[in-house]
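The structure appears right after this line, and notes come after that.
The values are calculated or read from the model by the stated rules, or taken from the named source; none is laboratory data. These numbers come from a predicted model, not from an experiment. Glycine gets a Cβ as well: all are built from the backbone with ideal geometry, and neighbour counts include every protein chain shown. The accessibility values were calculated without ligands, DNA or RNA, using every heavy atom of the protein model including side chains. Shrake-Rupley method; radii C 1.70, N 1.55, O 1.52, S 1.80 Å.
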Amino acid sequence: MTIPDINLKELVEAGVHFGHKSQRWNPKMSKYIHSTKENVHIINLNHTVQMLNEALKVIEKVVLKGGKILFVATKKQAANKVADLALSLIHISE
């Protein structure tokens with residue numbers, strides 16, 4: 001099995017683009033913020049897709065070598081997607 005292909009549409013459906021309230025942000029994150037809507041930062045998912053696919057390649061290498069990965073979702077909207085991804089990666093090592 002190969003690593004899953006994560007696309008922009010899936011991330012939007014999972015609600016990944018919603019960030020913190022605009023009052024509670026770190027200025028270092030400005031290059032990752034697309035816009036602000038109703039006082040909530042909207043994350044630029046183009047950066048996210050690129051970096052996520054890079055991270056998935058690293059995860060695949062670790063799993064193929066028998067290593068372990070701990071998946072954590074800090075947002076309710078992402079929890080099911082992260083769980084699905086973790087389960088799909090388990091099958092790579094089998």
Could you please let me know if residue 21 is modelled with pLDDT of 80 or more and over 12 Å from the mean Cα position of the chain (by Cα)? no
Return the residues of the range 45-55 that are of a type in the set (S, T, N, Q) and surrounded by 15 or more Cβ atoms within 10 Å (Cβ to Cβ); say none if nothing qualifies. 48
Of everything in the range 1-18, what is open to solvent by 50 Å² or more (accessible area, probe 1.4 Å), closer than 22 Å to residue 87 by Cβ and modelled with pLDDT under 70? Give them in sequence order. 1, 2
Which one is farthest from the chain's Cα centre (by Cα), of the residues in the range 56-90 that are within 15 Å of residue 5 (Cβ to Cβ) and open to solvent by 40 Å² or more (accessible area, probe 1.4 Å)? 60
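Please verify whether residue 41 is open to solvent by 60 Å² or more (accessible area, probe 1.4 Å) and outside any helix (DSSP H, G or I), treating the condition exactly as stated. Even if it seems obvious, please write down each step before you answer.
Numbers: open to solvent by 60 Å² or more (accessible area, probe 1.4 Å): no; outside any helix (DSSP H, G or I): yes.
Criteria not met by residue 41.
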